[in-house]
Amino acid sequence: MHVLNAMPPYNLFGLEEQDYENARIAVLPIPYDSTASFKSGAREGPHAIIAASRNIELYSEEFGKDISKLGIYTLEELAPDFGSPEGMVNRIEKEINILVEDSKFPIILGGEHTVSIGAIRSFSNKMGKNSFTVLHFDAHSDSRSEFMGARMCHACVTARARELCGSVISIGVRSIDEESMKNYGKDIIFMSDIMEQGVKKAIERAIKASRGKVYVSVDLDVLDPSEMPSTGTPEPDGLHFRELVEMVKEIARAKEVIGMDFVELMPIAGLEAPNYLTAKLIYLSIGSVFSSKIQSKY
Ligand SMILES: [Mn+2]
């Protein structure tokens with residue numbers, strides 16, 4: 001029995017129709033934050049994004065259409081593996097393998113940044129490590145080989161990504177250790193570069209440096225804490241919402257995007273705007289990718 005006047009269903013964007021077979025996009029919520037070093041709470045991210053997203057207007061005046069008509073299917077939340085972060089990454093990889101086999105465009109809702117490694121490894125095994133680039137939006141370079149005894153952790157994401165993918169470009173970084181700077185500084189579009197050159201030039205540089213298709217990973221702390229206070233490690237001097245949207249648009253215009261993740265949202269009780277911002281960012285990112293002529297039909 002259904003009530004006659006129900007609230008939107010509990011899925012990303014509150015869509016009435018959930019049809020996996022015909023959906024182009026599969027959304028995998030991963031409430032996981034076991035390796036958080038400063039503050040935990042990113043496990044609450046997927047729920048906060050979904051809850052806020054149910055209030056979004058599905059028609060986008062920016063794209064002139066209802067983007068949800070592409071078919072967006074929200075999967076159940078992936079249970080955490082408390083055995084080890086390696087176990088969790090393996091678990092995510094297996095799920096993404098299935099989605100890609102089923103010709104779905106995967107979108108991960110994090111959760112801490114470690115979850116990206118599972119998706120990147122899945123694409124690496126399927127496509128080969130030199131056929132795609134990871135474009136990584138983040139305030140932090142996340143390129144330590146090991147952090148607090150762990151190789152699979154949020155501070156090592158780009159280090160692991162570099163092993164799985166020949167090309168990793170980070171964008172919006174404003175926090176980096178000296179060794180990572182020496183080794184990887186050339187693969188980073190720093191926030192200072194963006195402020196100096198402007199958004200358009202900076203993203204052109206990132207696109208030019210990318211090889212093949214692209215996987216886009218967005219750590220929400222790339223945004224300015226004035227707009228995005230809900231992260232475990234907020235760094236001042238970040239991107240504004242509109243700048244990030246424009247960058248994703250440019251990427252989608254120039255490159256075939258194979259998957260995306262949005263990670264590290266750590267909701268603050270009673271503060272809904274950052275959750276809503278994230279939901280809207282995801283909606284506009286989907287719009288950007290699937291309005292592009294480059295997007296292949298799987
Ligand atoms: Mn970060």
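The values are calculated or read from the model by the stated rules, or taken from the named source; none is laboratory data. Please read all numbers here as calculations on a predicted model, not as lab measurements. Cβ: placed from backbone, ideal geometry, glycine included. Neighbour counts: every protein chain shown. Note: areas computed on protein heavy atoms with side chains; ligands, DNA, RNA excluded. Shrake-Rupley method; radii C 1.70, N 1.55, O 1.52, S 1.80 Å.
Among the residues of the stretch 152-182 satisfying the criterion of being touching a residue at least 40 places away in the same chain (Cβ under 8 Å), open to solvent by 10 Å² or more (accessible area, probe 1.4 Å) and part of a loop (DSSP other than H, G, I, E, B), which is nearest to the ligand (Cβ to nearest atom)?
Checking each candidate, the answer is 174.
State whether one or more residues within the stretch 241-262 are farther than 18 Å from residue 132 by Cβ, in contact with an Asp or Glu (Cβ under 8 Å, 6 or more places away or on another chain) and touching a residue at least 60 places away in the same chain (Cβ under 8 Å).
No; the residues of the stretch 241-262 include none that is farther than 18 Å from residue 132 by Cβ, in contact with an Asp or Glu (Cβ under 8 Å, 6 or more places away or on another chain) and touching a residue at least 60 places away in the same chain (Cβ under 8 Å).
Quick one: what pairs do we get from the stretch 109-124, first residue modelled with pLDDT of 95 or more and crowded, with 24+ Cβ neighbours inside 10 Å, second among the acidic types (Asp, Glu) and part of a helix (DSSP H, G or I), C-beta under 7 Å, 6+ apart or different chains?
Final answer for the pair search is 118/93; 122/93.
Just a yes or no: is a residue in the stretch 234-243 open to solvent by 10 Å² or more (accessible area, probe 1.4 Å), in a helix (DSSP H, G or I) and within 22 Å of residue 42 (Cβ to Cβ)?
Checked the stretch 234-243: at least one residue is open to solvent by 10 Å² or more (accessible area, probe 1.4 Å), in a helix (DSSP H, G or I) and within 22 Å of residue 42 (Cβ to Cβ).
Residue-wise test of (1) outside any strand (DSSP E or B); (2) of a type outside the set (A, V, I, L, M); (3) away from the ligand (no atom under 16 Å from the Cβ).
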residue	(1), (2), (3)
184	yes, yes, no
193	yes, yes, yes
200	yes, yes, yes
204	yes, yes, yes
208	yes, yes, yes
211	yes, yes, yes
215	no, yes, yes
245	yes, no, yes
251	yes, no, yes
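Answer with yes or no whether residue 44 is among the acidic types (Asp, Glu) and buried (at least 17 other Cβ atoms within 10 Å of the Cβ).
The answer is yes for residue 44.
Exactly one of these conditions fails for residue 140: (1) open to solvent by 50 Å² or more (accessible area, probe 1.4 Å); (2) within 15 Å of the ligand (Cβ to nearest atom). Give me its number.
(1)
Could you tell me which numbered condition residue 262 fails, if it satisfies all but one of (1) modelled with pLDDT of 95 or more; (2) open to solvent by 60 Å² or more (accessible area, probe 1.4 Å)?
Condition (2) is where residue 262 drops out.
Without any contact (Cβ under 8 Å) to a residue 60 or more places away in the chain and aliphatic (A, V, I, L, M): which single residue out of 75, 70 fits that description?
75
Just to be sure, is residue 286 buried (at least 23 other Cβ atoms within 10 Å of the Cβ) and part of a strand (DSSP E or B)?
Values: buried (at least 23 other Cβ atoms within 10 Å of the Cβ): yes; part of a strand (DSSP E or B): no.
The answer is no for residue 286.
Can you give me the number of residues within the stretch 3-16 that are more than 20 Å from residue 80 (Cβ to Cβ), open to solvent by 70 Å² or more (accessible area, probe 1.4 Å) and either in contact (Cβ under 8 Å) with a residue 12 or more places away in the chain or in contact with a Cys (Cβ under 6 Å, 6 or more places away or on another chain) (or both)?
1
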